[in-house]
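**Q** Sharing a structure, written as structure tokens. Questions coming.
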Amino acid sequence: MSVAVRCAGLHKRYDNKVDAVRGLDLEVEQGECFGLLGPNGAGKTTTIEIIEGLLSATAGEVEVFGKRWGRDDDELRELLGICLQETRLSEKLKVRETLELFASFYRRPADPARVMREVELTEKAEAWVGKLSGGQRQRLAVACSLVGDPRLLFLDEPTTGLDPQSRRQLWDIVRKFKRQGGTVLLTTHYMDEAERLCDRVAIIDHGRIIALGTPRELIHSLGAEHIVEFTLADPAAFPDLGGDGLAAVPTVLSVRQEDGLYALTVGEPHRALPALFDWLEGRGIELARLSTRHASLEDVFVKLTGRHLRDE
Amino acid sequence: MINWRAYSQLLLARSRELSREPEVVFWVFFFPVLLAVALGIAFRNKPPDKVDVAVVEHPNAARVVRALNAAPPLAAEVIGTEDAARQFRLGKVALVVYPGQVYSYRYDPNRPDSMLALSLADAALQKAAGRADPIRIHEQAVTEPGARYIDFLIPGLLGLNLMSGGMWGMGFALVDMRVKKLLKRLVATPMRRSDFLLALVSSRLILMLVEVILLLLVGRLIFKMVIQGSLGSIIVVSAAGSLSFAGIGLLCASRAQKIETISGLMNLVMLPMFVLSGIFFSADRFPAAMQPFIRILPLTALNDALRSVILEGASLEAQALRLLILTTWGAVSFLLALRLFRWVN
Ligand SMILES: Nc1ncnc2c1ncn2[C@@H]1O[C@H](COP(=O)(O)OP(=O)(O)OP(=O)(O)O)[C@@H](O)[C@H]1O
Ligand SMILES: [Mg+2]
């Protein structure tokens with residue numbers, strides 16, 4: 001499979017002091033949806049804008065479809081569709097007018113009416129951009145990057161701040177683009193977005209890739225795929241249950257406690273749970289709540305960094 | 001080389017935005033017309049107001065009042081001594097006459113109305129007392145078209161409008177697009193930057209045409225202004241002004257990252273010219289030492305050229321120096337802006 005994006009040793013320093021990206025290597029293959037997952041300030045936008053040719057790297061190399069910025073800019077611009085983290089399109093233009101404007105920049109644009117249908121904005125064709133809802137605006141932003149009929153689509157946090165329904169609509173648009181043979185590079189700090197949408201994910205933190213693989217591979221790397229979470233009825237009486245004791249419960253791989261919430265990474269819940277209940281009963285500890293779920297990329301991030309993706 | 005499809009879409013988009021922006025419609029079209037009408041009415045040429053003169057109580061006072069009232073615009077009245085002094089101090093009367101063996105006049109040499117009253121009152125009193133003028137006079141009162149305040153004002157307002165139009169239409173608009181990351185978004189497409197700038201400038205020139213015609217029509221229809229120059233020359237001068245300020249606006253916008261910055265810069269550029277460049281009153285009123293500086297300001301050159309063409313019907317060749325000043329400002333700003341301009345952040 002041929003490579004759409006290749007970065008090597010990417011480094012970006014702002015104003016001679018902030019190191020936003022520090023030595024980042026990346027390959028995105030044609031036809032895949034690749035996600036950069038990381039918390040605020042990890043360097044996602046910086047990385048993607050360097051690849052888009054909007055920022056220059058302090059050091060390192062970027063190739064997009066084997067072409068380079070500074071040499072093949074005109075050709076590259078025709079091939080890429082770009083959605084910035086935040087763009088406010090002209091509020092006084094209509095949806096149709098905005099798409100026709102963007103289409104006019106390309107040698108071989110897509111039909112604006114067709115793109116409008118794909119992002120389900122046909123009903124809003126004659127509405128002013130200023131009157132659109134957040135979700136509609138975001139779909140229009142994506143439409144503006146699709147109207148150039150790109151081979152590679154960049155989406156910087158496409159669903160941040162959107163309601164669940166709008167997020168799903170956007171995911172559908174991305175999937176449709178991929179089915180038609182497009183390549184996608186997106187950034188997100190939602191682990192569910194990365195898991196559901198991306199073929200491969202690079203987790204970045206402090207300007208470096210700390211893990212790379214398919215969502216499955218990354219979750220597998222935890223060694224166990226289930227998480228058992230519980231809180232105690234009387235946490236004050238048992239300030240710390242002692243990781244060692246809990247870790248002895250069958251198939252429990254690791255124990256984490258945070259603000260009274262215990263999270264066990266568990267290989268086989270059907271064996272671990274009865275043992276866990278026995279263990280607690282033996283010590284006279286009562287539970288307030290218990291739940292089990294599948295492990296997510298969030299757990300991978302926490303395991304690697306000890307922090308959460310979103311610091312709420 | 002221009003990509004005409006992109007250029008026409010950009011121009012169309014810009015025109016749509018402007019026409020859908022109520023503020024633009026107000027500032028570009030209504031404001032100058034309102035200003036012209038308001039100032040035109042406030043400063044319309046009318047017979048001089050009456051000039052009040054106080055005559056202090058005296059046996060001869062009635063005769064003096066009669067003699068003064070026969071010389072318009074003087075309006076005399078008999079008042080007590082103290083009252084007269086007070087009214088003079090408050091500026092309600094321009095002159096106080098004290099009849100007597102020796103007449104005495106109280107006047108203020110710094111007040112034009114006081115000086116006028118003094119000379120008219122003295123002449124009237126001397127004549128009434130039997131003075132014969134040694135030189136025979138034939139008076140000829142003429143009102144020249146084009147010499148009224150409104151005639152002076154309309155070209156000045158046009159110049160003002162072209163300046164603020166260029167600064168807002170380029171300077172403010174571009175920074176606004178930068179703040180909204182729209183510039184960055186456009187640069188991320190194959191759009192050519194030259195097409196974009198050309199479209200922006202074209203939309204300025206279209207607005208310029210509308211502004212020129214609108215103000216001239218207002219002058220012509222409401223104030224019966226006589227337009228001496230050809231419409232062609234007026235438009236050439238206006239276009240030169242418009243382009244010059246578009247260049248300056250572009251330069252101001254080249255680095256500003258915030259709306260506050262561009263607003264400050266625009267005020268810094270426009271305010272001195274607003275005062276110095278002869279919009280509401282002639283720039284000649286400033287001291288001679290300042291004149292060389294004032295003359296090379298783009299708005300002074302534009303206003304002078306507009307007045308010369310509109311009011312005197314002067315030829316374009318006669319405006320060569322002023323057009324050169326405008327072109328130089330525009331070209332230097334534009335070239336500098338091309339080097340400094342930040343498209344991405
Ligand atoms: N123009 C800039 N000048 C200086 N520092 C910057 C600039 N842009 C970003 N940074 C810094 O670089 C680091 C990485 O920023 P970046 O925007 O790439 O992060 P991000 O992963 O996209 O974050 P977010 O999820 O908040 O969008 C941050 O510490 C940020 O403060
Ligand atoms: Mg970002």
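The values are calculated or read from the model by the stated rules, or taken from the named source; none is laboratory data. Quick caveat: nothing in here was measured; it's all calculated off a predicted structure. Cβ atoms come from the backbone with ideal geometry, glycine included; neighbour counts cover every protein chain shown. Remember, those area values only see protein heavy atoms, side chains included, never the ligands or the DNA or RNA. Shrake-Rupley method; radii C 1.70, N 1.55, O 1.52, S 1.80 Å.
**Q** Show me the ranking of peptides A:162-168, B:65-71 by mean Cβ neighbours inside 10 Å, starting with the highest.
**A** Top to bottom by mean Cβ count within 10 Å: B:65-71, A:162-168.
**Q** On to the next question. Using a 10 Å cut-off on Cβ atoms, rank the peptides A:94-104, A:133-143 from the highest mean neighbour count down. Working shown, then result.
**A** Values: A:94-104: 22.5, A:133-143: 20.6.
Order by mean packing, descending: A:94-104, A:133-143.
**Q** Compute the separation of the alpha-carbon centres of region B:190-217 and region A:130-145 and state it in Å as a whole number.
**A** 29
**Q** Over all residues in A:73-85, what is the mean tally of Cβ atoms on other chains that come within 10 Å of each residue's Cβ?
**A** 2
**Q** Please turn the phi angles of region B:11-20 into ³J(HN,Hα) values with the Karplus equation 6.51 cos²θ - 1.76 cosθ + 1.60 (θ = phi - 60°), one per residue in order, whole Hz, x for glycine and proline.
**A** 5, 4, 4, 4, 5, 4, 4, 5, 6, 9
**Q** Next question. What whole-number distance in Å separates the alpha-carbon centres of region A:173-233 and region A:1-60?
**A** Taking the Cα centre of each part, region A:173-233 and region A:1-60 sit 17 Å apart.
**Q** When you take every Cα atom in region B:51-128, what is the radius of gyration, and what is Dmax, the widest Cα pair distance, in Å?
**A** Both quantities, over Cα of region B:51-128: 10.9, 31 Å.
**Q** Next question. Based on Cβ point charges of +1 for Lys and Arg and -1 for Asp and Glu, what charge dipole magnitude is obtained for chain A about its Cα centre, in debye rounded to the nearest 20?
**A** 980
**Q** Restricting to chain B, what percent of DSSP beta bridges are antiparallel, rounded to 5? Could you put the intermediate results ahead of the total?
**A** Numbers: 3 of 12 bridges.
Here the share of antiparallel DSSP bridges comes out near 25 percent.
**Q** Explain nothing, just the number: dipole magnitude of the protein assembly as shown about its Cα centre with +1 on each Lys and Arg Cβ and -1 on each Asp and Glu Cβ, in debye rounded to the nearest 20.
**A** Using Cβ point charges on Lys, Arg, Asp and Glu, the protein assembly as shown gives about 2460 debye.
**Q** Quote the FRET efficiency, to the nearest 0.05, computed for residue B:193 versus residue A:128 with a Förster distance R0 of 30 Å and r equal to the Cβ-Cβ distance.
**A** So the FRET efficiency works out to roughly 0.70.
**Q** Return the sequence-ordered ³J(HN,Hα) values of region B:91-106 in whole Hz as given by the Karplus equation 6.51 cos²θ - 1.76 cosθ + 1.60 applied to θ = phi - 60°, using x for Gly and Pro.
**A** x, 7, 10, 8, 7, 10, 9, 10, x, x, 4, 10, 6, 10, 10, 10
**Q** Still on this structure, I have one more. Run the simple label-point estimate for residue B:296 and residue B:101 please: 7 Å along Cα→C-beta, distance reported in nm.
**A** 6.6
**Q** Now, a different point. With every protein chain left in place, what is the accessible area of residue A:308 in Å² (1.4 Å probe, nearest 10)?
**A** Result for residue A:308: roughly 60 Å² accessible.
**Q** Gain in length, residue A:59 to residue A:27, computed as 0.36 nm per residue apart minus the alpha-carbon separation, to one decimal in nm?
**A** Extra length from residue A:59 to residue A:27 when fully extended: 9.8 nm.
**Q** Please name whichever of A:144, B:302, A:98 sits farthest to the positive end of the charge dipole of the protein assembly as shown, dipole taken about the Cα centre and charges placed at Cβ: Lys and Arg +1, Asp and Glu -1.
**A** In the protein assembly as shown, that residue is B:302.
**Q** Restricting to chain A, compute how many DSSP beta bridges are antiparallel as a %, nearest 5.
**A** 70
**Q** Sticking with this one: When ranked by the protection proxy of mean other Cβ atoms within 10 Å per residue, highest first, what sequence do the peptides A:276-287, B:319-330 form? Mind showing how you got there, number by number?
**A** Values: A:276-287: 13.5, B:319-330: 18.8.
Sorting A:276-287, B:319-330 by mean packing, highest first, produces B:319-330, A:276-287.
**Q** Using a 1.4 Å probe, how large is the accessible area of residue B:221, given in Å² and rounded to the nearest 10?
**A** My reading of the accessible area for residue B:221 is about 120 Å².
**Q** For chain B, place one equal point scatterer on every Cα, skip the solvent, and apply the Debye formula. What is log10 of I(q)/I(0) at q = 0.07, 0.12 Å⁻¹?
**A** With one equal scatterer per Cα and no solvent, log10 I(q)/I(0) is -0.46, -0.89.
**Q** What is region B:145-340's relative contact order, in percent, from Cα pairs under 8 angstrom and six or more apart in sequence?
**A** Details: 252 pairs, mean separation 68.8, N = 196.
For region B:145-340, the relative contact order is 35 percent.
**Q** Extending each Cα 7 Å along its Cβ direction at residue A:214 and residue B:259, get the distance between those two points in nm, one decimal.
**A** 4.9
**Q** If you restrict to DSSP beta bridges whose two residues both lie in the protein assembly as shown, what percentage is antiparallel, to the nearest 5?
**A** Values: 42 of 69 bridges.
Counting only bridges with both partners in the protein assembly as shown, antiparallel ones make up about 60 percent.
**Q** Any idea what the relative contact order of region B:51-128 is, in percent, if you count C-alpha pairs under 8 Å spaced at least 6 apart?
**A** Value for region B:51-128: 35 percent.
**Q** Given B:244, B:162, B:74, which one lies farthest toward the positive end of the charge dipole of the protein assembly as shown, if we put +1 on the Cβ of every Lys and Arg and -1 on the Cβ of every Asp and Glu?
**A** After comparing all options, I get B:74.
**Q** List the extent of the Cα atoms of chain A along each of their three principal axes, largest first, rounded to whole Å.
**A** Principal extents (largest minus smallest coordinate, Cα): 73, 45, 38 Å.
**Q** To the nearest 0.05, what FRET efficiency results for residue B:26 and residue B:128 with a Förster distance of 56 Å applied to their C-beta separation?
**A** For residue B:26 and residue B:128, the calculated efficiency is 0.45.
**Q** A further question on this structure: Any idea how far apart residue B:340 and residue B:63 come out in nm if each label point goes 7 Å out from Cα toward Cβ?
**A** It works out to 7.6 nm between the two label points.
**Q** For residue A:199 and residue A:14, compute 0.36 nm times the residue count separating them, minus their Cα-Cα distance, and round to one decimal in nm.
**A** 63.5 nm
**Q** Suppose R0 equals 25 Å; then what is the FRET efficiency for residue B:33 and residue B:205 from their Cβ-Cβ distance, rounded to the nearest 0.05?
**A** My answer for the efficiency is 0.80.
**Q** Still on this structure: Taking Cα atoms, how many degrees apart are the long axis of helix B:259-276 and the longest axis of chain B, rounded to 10 and kept between 0 and 90?
**A** Approximately 40 degrees, to the nearest ten.
**Q** Something else now. How many partner chain Cβ atoms sit within 10 Å of a residue's Cβ in peptide A:86-92, on average, as a whole number?
**A** Mean shielding count: 6.
**Q** Sticking with this structure for a sec: Treating the beta-carbon of each Lys and Arg as +1 and of each Asp and Glu as -1, no other charges, what is the dipole magnitude of region A:142-262 about its Cα centre, to the nearest 20 debye?
**A** In total the dipole reaches around 860 debye.
**Q** For peptide B:18-24, compute the average count of partner chain beta-carbon atoms within 10 Å of each residue's beta-carbon.
**A** 2
**Q** Find the relative contact order for chain B and round it to a whole percent, using C-alpha pairs within less than 8 Å whose residues are 6+ positions apart.
**A** 20
**Q** Can I ask one more? To the nearest 100 Å², how much accessible surface do chains B and A hide from each other in total, with a 1.4 Å probe? Please report the intermediate quantities before stating the final value.
**A** On the way: alone 19190 and 15420 Å², together 32120 Å².
Looking at B and A, the buried total is near 2500 Å².
**Q** Which values, in whole Å and largest first, are the semi-axes of the equivalent ellipsoid of region B:199-345 obtained as the square root of 5 times each eigenvalue of the Cα gyration tensor?
**A** 28, 19, 15
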